[in-house]
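Contents: one structure, followed by commentary.
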Amino acid sequence: MNDSIKQNLDIFRKETRAWLEANCPESMRQPVTSPNDLYWGGRNAKYISDDQRIWFERMLEKKWIVPYWEEKYGGGGLNNIEHKILTEEMTKLGCRKPLFSFGISMLGPALLKFATAEQKLKYLPEIVQGKIRWCQGYSEPGAGSDLAGLQTKAEDMGDHYLVNGQKVWTSYGDKSDWIFCLVRTNFEVSKHKGVSFLLIDMASEGVSTRPIKLISGKSPFTETFLDNVKVPKGNLINEPGQGWTIAKYLLTHERQMIGGVGETGTPPQLSEVAQECIGLTNGILSDSILRSKVAKFEMDEAIFDYTIERIIDEAKAGNNSGALSSFFKYYGTELNISRYELMLALQGYDGLAWEGEASNEGQLARLFCRTKGNSIEGGTSEIQLNIIAKRILGLPSS
Amino acid sequence: MNDSIKQNLDIFRKETRAWLEANCPESMRQPVTSPNDLYWGGRNAKYISDDQRIWFERMLEKKWIVPYWEEKYGGGGLNNIEHKILTEEMTKLGCRKPLFSFGISMLGPALLKFATAEQKLKYLPEIVQGKIRWCQGYSEPGAGSDLAGLQTKAEDMGDHYLVNGQKVWTSYGDKSDWIFCLVRTNFEVSKHKGVSFLLIDMASEGVSTRPIKLISGKSPFTETFLDNVKVPKGNLINEPGQGWTIAKYLLTHERQMIGGVGETGTPPQLSEVAQECIGLTNGILSDSILRSKVAKFEMDEAIFDYTIERIIDEAKAGNNSGALSSFFKYYGTELNISRYELMLALQGYDGLAWEGEASNEGQLARLFCRTKGNSIEGGTSEIQLNIIAKRILGLPSS
Amino acid sequence: MPLIITEEQQMLKTSVKELLKNKGAITNLRKLRDDSDPIGFDKELWKEMVDLGLSGLVIPEAYGGLGFGYTGLGQVLEETGRTLTASPLVSTVLLSGTAIRLGGDVMQKEQLLPEIAGGNIVIGFASEEGKHHAPKLVKTAATLQGDSYVINGTKKMVLDGHVADKFIVVARTNGAVDEEAGIELFVVDAKTEGITTERIIMMDSRNAALVHFKDVKISANSRLDGFTNGGYALLEKTLDIARIGLAAEMLGGVNEAFERTIAYLKERQQFGVIIGTFQALQHRAAKMFCEIELCKSIVIKALKAIDADSPDLARLASLAKAKLGEIYQLVSNEGIQLFGGIGMTDDEEIGFFLKRARVVQQTLGDTNFHLDRLARMRFF
Amino acid sequence: MPLIITEEQQMLKTSVKELLKNKGAITNLRKLRDDSDPIGFDKELWKEMVDLGLSGLVIPEAYGGLGFGYTGLGQVLEETGRTLTASPLVSTVLLSGTAIRLGGDVMQKEQLLPEIAGGNIVIGFASEEGKHHAPKLVKTAATLQGDSYVINGTKKMVLDGHVADKFIVVARTNGAVDEEAGIELFVVDAKTEGITTERIIMMDSRNAALVHFKDVKISANSRLDGFTNGGYALLEKTLDIARIGLAAEMLGGVNEAFERTIAYLKERQQFGVIIGTFQALQHRAAKMFCEIELCKSIVIKALKAIDADSPDLARLASLAKAKLGEIYQLVSNEGIQLFGGIGMTDDEEIGFFLKRARVVQQTLGDTNFHLDRLARMRFF
């Protein structure tokens, strides 16, 4: 990097910090403690505070809602290095993201890669402005891991598609404005080839949603019903039959998100919980059977963290270990499930309450139940093991 | 049962006991401590003592070597109840079996069910008299669990078969006189249908054996090589192509044997070994991690014993639970493997010696190595799990 | 004593299964939960269970019961475990009924056992005080004042405690916390002054109250003093019997969750094939099958030991509770995982087994507690 | 400090791999075993290893070594773990060399380190006395008499002890058994009067002698007294470094056994199909893969911590030894099972990994020991 570029970047960093310090309200620099703290935009958007509105509006004006998209789409046109500097400075100050949006994280990349120029100009700026809240419609009832087996039908009616079918596991389906869907436009060809990628306005007649209640209680998921929904043909992205290619591209983005979403702070250190809940006899945990399990868990937890460290270091050194995302997904979720099994064992009777203030409305029990989904969502543990066996170890298919 | 029959049986029991007491030498009433204590018969038979010879000869004369076979085959013609009484009385007095023989336990049942009258009269009396020591030739190198994939070829040469091939895992192949073999007589038909059951004199030209050394050291197993061996056509049992049916029938007998063979006395109680090897601190085992493993093992061991008890009781009550033999094989061997892993952990450095007097020539380490074969021989653990999944749980084949 | 049930026990089991199939099914528990039912169990169903004699199964005929034995009660509990039926069977019959039968004097028995057999009262068993089951951890004091005891303390996890008519209260007349000597059991009327209860709704949608005793004055003859070796021995024996009863209930849950999972494996398709054909899932199913065979054996063995008054009761109780705790956890986890996304929804019933498994695991000692106890019994 | 090896370390690893591929292969160990070789390692091969500088890797340049560091030595040990090469690398370089480097005074270092680097001597590390690794369990006494120490006691599991030229002996100058204070390390010439050795052939076909010290008189300046915090601290630090080195060796064994098993799964047919297509086996293989990823991480993390003189060394050493012990056991068991009958034969090499896994598991503390130690470090 030559000196003048470096100098320019130093200036950019200084200016960025100054701007953030001047413009990001104090309350928008506090850690997020619940999903309700976030601003999601959309037709029915509500700000939880004036600070939140001010922060969003200032960032929008600065074009830093999606700083790395081209300016013609409402982005800030920053290059990779500038974007990295901005992110670093925001992290340093603790600035919240001004807008949370599946449009930015999931739909946007697909549009940029696969949509027509016209479609990009129509949808991307709306995403940046937070006008439309998007949700994702891939999974269907009965399909589970077999995403490509989807049955939602989009019939070509000349000037529009007539869509019939049902989607499940739509995050915030009841709060979203539009849904990007995988639909089947052709039943004659092999299952992967008949799939198309379609954008549907959820205000259209025939669209309805129903919340899904999980074993842990309420959830952000809904079912989405599509009943004779008319969709303009221009809402199809790329060619008919390209849906699977687009979906695969997007799934990599989704898998990255699952790792980070829902994490609020670091989980409690099990050995400390153990000391508090079980007590010590002669300096060791009074329940020696549980002690053994906690020790084994903490060993694996510590070494899993070093493994993340190592693999990042290897990647930096140019040692790309692609399919390892399946390892992280599998081992990380299994560890988390073990953590909550042990938490429940350590808390004993106190961990079993489901309602009431003392238990914070059954917080531990509900979290415990929720972790059981970790090894299912985003590709089951079995799927991850299949991928490791085949792609990494090269074991043959039957 | 009417009274006169009952009276007769009481008389039979008294006479049996009296005869055994009068005729079974004291030294033949001592527990067997090593396979070398057993009399196996055969062309090169050696008695380890006069008592052993006397005991065999007296039982032979009494026709109680195989008391339940018909007299024309050299048996004692006892019915089921009489045979049960004899066994019970022998057990009470601790009488050893006068003859150990795969001819009695494995080949005999097959001959009785599948052989011609002539073949029965030729082979069965020789078995009873201990003249011929038989061994079994099923497995082949490279076949493993896929028994039916055997490649040993028996070509029909008009007046004889010409046999070429190789067998492995023949118990005491180097000490036996004849081998009963599965051979392929037809390569045109499906693999199960081309198999025949052939008896081969191991003194024939072209038969040779080589001992198999296991990871635990020596073993009773050999490889058996069949190199242009001429076998009379009369040595084929039943029709050509019936070998698989006969083998399946025999395998049930073999699986029963594996449970019992090699067991000399009850294994040590792990918790006692633990107390001795590890010691206690404040009344609990000083190594609390090992304590947890030993406690879990002893739980499963105790309950496995109750399971044997329960299933016997259910069977007595007419509740026949056929495919459960796979459960016993699987769980029993896995338990035994765990037992020796724990023994090794408990004995620490002392359990690692392989030679030398102090360790009784590495007894524990060798036993440990040997247990690794338990989950392979007699149908691998994987095969047992397949059987349970399909036959008991009714899960479909792919 | 063969490890099989008699024809009579089988008949009982079959009629209970019939009764619960409709009236005690999980839909019932779900309704109680969604309606925030103030009682927490179905009183009408309980009446039918009483009419079938279930409340009197282990109460001697002399006291209005059937004297049918615990092996029989175990069959009933197994069926309530299959259907996850909430009822006072555990609190009133298994725990309190056993304590009174073993430890009551003639007057106490004559007064209370017929009421239990008749299904007229609910009795909460108030023993627990800490986060974990710990029978010796008794801080609650029973202080003798003239011809009364005055009770002070707080009890946790009192099943059906918020609707109980009476309590069996474990309290200490002397000795330090964690000492066996001084622990005694008392019968206390729930309406006695100084008692307050807080209903706690548990993960499994059942109730377990927090019960506070503040200067609760009861007559000195409320103590259960009829057991040979004193209060703590009475408590331990009552607990061992109840642990075995819970293990029987757990066996029902294990069997039901497993059978539902196997049925699902046979029907569910992924990638165009029945998922039950996948070998990795087959092996997991087969391993669960093996473990369940062990579960069946220890439950029947332990139930028979109660009826035979075996000296080996404590060891068998811990084996049963430890093993069933381990396997109910395994089977309920595998159930959710193999049902996949649908298993995570509240609409599907498999999740109810997960929740019941975790509550019953903790109740009267989890696998860790009982493995530790087993090790101590063998002096290691 | 990124968790990757440098180019130099990679080059070293590659040249060691080349050397051992032929000359240090398992056939070599088998030959030593079958010939009942009196030394127990291949002297010629050891000479070549010395020529490559391996004996001097962790010895400072000032004392004739390369000062290359433990991360480098770890790469070498990993390769000897793959080939199961028997050599004095563990006894003399990893254990004794480290103790002298850390705890010797200038004279001791000048006398001994160049000899080690030059591959001229074998030094047995004599610390163990019980059935299990227990650093504080030292009964062997070193009694000061004038300007001599007199050593009495018996040491177990002294690697290469029967061919050692010298010993580092852990002995007690005062204090009770199991006390840290009073434990000291001494350099003792093997030819000193009163020393007898008994060669013990181990399960893994290597040697670990029993060494008896009877009134062994050594000069008072044989003590390693150069370490800041005294004898026991020197012992613990030496052991932690050696545990990490052993973990690196184990990683090599784990990788090799796993790769052989995967290769076998791809080639072996049963019922007419490649067994590697069976999903149950695929999942077991995939789970092993994941565990091995963890193994790789903790080994490099711990090796780097030695070279950085990290205060976290003890915890990382126990993590490494505990995890590698667990996974070497898993992978070597699965190796035998998946090779099937052929895996049980002495002709097939997979069984050698099983045997080495069990010996190295016990050496300097097994998984149980280190999990316990980790728990104590976190005060539970």
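If you wrap the tightest convex hull around every Cα atom of segment B:1-97 and split its volume per residue, you get 106 Å³. How would you classify segment D:231-379 from its alpha-carbon gyration tensor, with a ≥ b ≥ c the square roots of the eigenvalues: rounded for a/c under 1.5, else prolate if a/b is greater than b/c, otherwise oblate? Prolate shape, in that a/c is at least 1.5 and a/b is the bigger ratio.
Can you give me the pair-distance distribution of the protein assembly as shown, C-alpha pairs, 10 Å bins, whole percents? Result returned by the calculation: 1, 6, 12, 16, 17, 17, 15, 10, 4, 1, 0, 0. Entry note, chain A: the mean residue ellipticity at 222 nm calculated from DSSP H runs of n ≥ 4, each adding -39500 (n - 2.57), is -13500 deg cm²/dmol after division by the residues and rounding to the nearest 500. With R₀ fixed at 60 Å, the C-beta to C-beta distance from A:Tyr68 to A:Glu276 puts the FRET efficiency at about 0.85. Between copies, the label points of B:His83, set 7 Å from Cα on the Cα→Cβ line, lie 8.2 nm apart, reported in increasing order to one decimal in nanometres.
Taking a straight line from the alpha carbon of D:Lys296, these aspartates and glutamates sit under 15 Å away, with near neighbours fewer than eight places off in the same chain left out: A:Asp300, A:Glu301, A:Asp305, A:Glu309, A:Asp313, A:Glu314, D:Glu78, D:Glu79, D:Glu249, D:Glu256, D:Glu259, D:Glu326. Looking at segment B:267-392, the pairs of alpha carbons with a distance over 22 Å make up 49% of the total. Backbone phi angles across segment A:224-234, fed through the Karplus curve with coefficients 6.51, -1.76 and 1.60 (θ = phi - 60°), yield HN-Hα couplings of 10, 9, 10, 10, 6, 8, 8, 10, x, 5, x Hz in residue order; Gly and Pro are listed as x.
Taking amide H as placed 1.01 Å from N in the peptide plane, C:Glu128 has its amide H under 5 Å from the amide H of C:Lys156, each at least 5 places away in sequence or on another chain. Since only C:Leu210, B:Asn8, A:Val183 are under comparison, the one whose Cα sits farthest along the positive direction of the charge dipole of the protein assembly as shown, derived from C-beta charges on Lys, Arg, Asp and Glu, is A:Val183. Only the Cβ atoms of Lys and Arg (+1) and of Asp and Glu (-1) were treated as charged; on that basis the dipole of chain A about its Cα centre amounts to roughly 740 debye. Along the charge dipole of segment B:342-398, Cβ charges K/R +1 and D/E -1, which of B:Ala365, B:Leu385, B:Tyr349 sits furthest on the positive end? Looking along the dipole axis, the top candidate is B:Leu385. Mean separation of Cα pairs under 8 Å and 6 or more residues apart, divided by the residue count, gives chain A a relative contact order of 11 percent. With the simple model of a label 7 Å out from the Cα in the direction of the Cβ, B:Lys233 to A:Ala45 spans 9.4 nm. Placing unit charges on the Cβ atoms of the charged side chains and taking the dipole of the protein assembly as shown about its Cα centre, the candidate lying farthest along the positive direction among A:Ala154, B:Val294, A:Asn79 is A:Ala154. Just to confirm the number: angle between the C-alpha axis of helix C:70-83 and the first principal axis of chain C, 0 to 90 degrees, nearest 10? Taking the Cα atoms of chain C, the angle to C:70-83 is about 50 degrees.
To the nearest 20 Debye, how big is the dipole of the protein assembly as shown about its Cα centre, given +1 on the beta carbon of each Lys and Arg and -1 on that of each Asp and Glu?
Charge dipole, the protein assembly as shown, about its Cα centre: 1820 debye, nearest 20.
With Cα atoms as the point set, the radius of gyration and Dmax of chain C evaluate to 20.8, 78 Å.
About its Cα centre, what dipole magnitude does chain C give when the only charges are +1 on Lys and Arg Cβ and -1 on Asp and Glu Cβ, stated in debye to the nearest 20?
That gives a dipole near 820 debye.
Remark: segment D:125-222 projects, on average over all directions, an area of 5.8 nm² (convex hull of Cα atoms). Each residue of segment D:111-119 is assigned a 3J(HN,Hα), and the resulting list reads 7, 9, 5, x, 5, 5, 4, x, x Hz, derived from the Karplus form 6.51 cos²θ - 1.76 cosθ + 1.60 (θ = phi - 60°), x at Gly and Pro. Here chain B has an Rg and Dmax of 23.6, 80 Å, counting Cα atoms alone.
If you take the Cα Rg of segment B:56-101 and divide it by 2.2 N^0.38 Å, with N the number of residues, what do you get?
1.08
Segment A:366-394 and segment B:147-209 have Cα centres lying 48 Å from one another. Label-point spacing at B:Val189 relative to the other copies reads 4.9 nm, in ascending order, each point sitting 7 Å out from Cα along Cα→Cβ.
Take B:Glu26, push a point 7 Å out from Cα through the beta-carbon direction, and compare it with the same point in every other copy: 10.2 nm, smallest first. Counting lysine pairs in segment C:62-170 whose alpha carbons fall under 16 angstrom apart, excluding pairs fewer than 8 residues apart on the same chain, gives 10.
What residues of segment D:307-348 lie in the reach of a label at D:Met377, counting those whose backbone N is under 16 Å from a point 7 Å from the Cα along Cα→Cβ? Within reach of a label on D:Met377, which here means backbone N under 16 Å from a point 7 Å along Cα→Cβ, segment D:307-348 contributes D:307-326.
Here the simple spin-label model places points 7 Å from the Cα toward Cβ, and for A:Leu60 and B:Lys390 these points are separated by 6.5 nm.
Which of the three applies to segment D:7-121, rounded, prolate or oblate, going by the alpha-carbon gyration tensor with a ≥ b ≥ c and a/c under 1.5 meaning rounded? It is oblate, given that a/c is not under 1.5 and a/b is not larger than b/c.
Bear in mind that the values in this text are calculations on the coordinates, not laboratory data. Computed from a predicted structure; not experimentally measured. Backbone-built Cβ (ideal geometry, glycine too); neighbour counts: all protein chains shown.
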